[in-house]
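Peer 1: This structure is in structure tokens; I'll ask about it shortly.
The values are calculated or read from the model by the stated rules, or taken from the named source; none is laboratory data. Being a predicted model, the structure only gives us computed values, none of them experimental. Because the Cβ atoms are built from the backbone with ideal geometry, glycine has one as well, and the counts that use them run over all protein chains shown. These accessible areas exclude ligands, DNA and RNA; they are computed on the full protein's heavy atoms, side chains included. Shrake-Rupley method; radii C 1.70, N 1.55, O 1.52, S 1.80 Å.
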Amino acid sequence: VRDVSFLHLDVDIYRSAIDSLQYLRSRFVERSIIVLDDYFRSADGMIKAVAEFTAEAPEWRAFPIYPGQGIMLHRSWFD
């Protein structure tokens, strides 16, 4: 997989979420977007994975979206 610009991540467990994010991190292009399913809802694994990933990958910012979704934007959206 190369040159990813959009990801809809719909996994509820930590290991699947963090593995997906870490695997794709170097493959995202500028102005990439990640949509997160069940973010800040009932999937504690997703919340933990996003918190850990954004701590390790400061080029990403995560935002909750009502009701229970989230979006991650690459820093190139803000430059």
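Peer 1: Out of the residues in region 4-19 meeting the condition of being assigned to a loop (DSSP other than H, G, I, E, B) and in contact with a helix residue (DSSP H, G or I) (Cβ under 7 Å, 6 or more places away or on another chain), tell me which one is nearest to Ala43 (Cα to Cα).
Peer 2: Within region 4-19, the match that is nearest to Ala43 (Cα to Cα) is Asp12.
Peer 1: Is there any pair linking a residue in region 31-53 that is closer than 12 Å to Asp19 by Cα to one that is crowded, with 19+ Cβ neighbours inside 10 Å and β-branched (Val, Ile, Thr), with Cβ under 6 Å and at least six apart or on different chains, and which?
Peer 2: Within 6 Å, the pairs are Ala49/Ile18.
Peer 1: Given (1) modelled with pLDDT under 95; (2) surrounded by fewer than 17 Cβ atoms within 10 Å (Cβ to Cβ), where does Ile47 come up short, assuming only one miss?
Peer 2: (2)
Peer 1: Also, quick follow-up: Of the residues that sit in region 50-71 and are within 21 Å of Arg15 (Cβ to Cβ) and aliphatic (A, V, I, L, M), which one is surrounded by the most Cβ atoms within 10 Å (Cβ to Cβ)?
Peer 2: Val50
Peer 1: When only residues in region 30-44 that are part of a loop (DSSP other than H, G, I, E, B) and either open to solvent by less than 70 Å² (accessible area, probe 1.4 Å) or farther than 22 Å from Pro67 by Cα (or both) count, which is modelled with the lowest pLDDT?
Peer 2: Ala43
Peer 1: Continuing with this model, one more query. Just name the residue that is modelled with the lowest pLDDT out of those in region 1-29 that are touching a Lys or Arg at 6+ places or on another chain (Cβ under 9 Å) and open to solvent by 100 Å² or more (accessible area, probe 1.4 Å).
Peer 2: Going through the qualifying residues, I end up with Val1.
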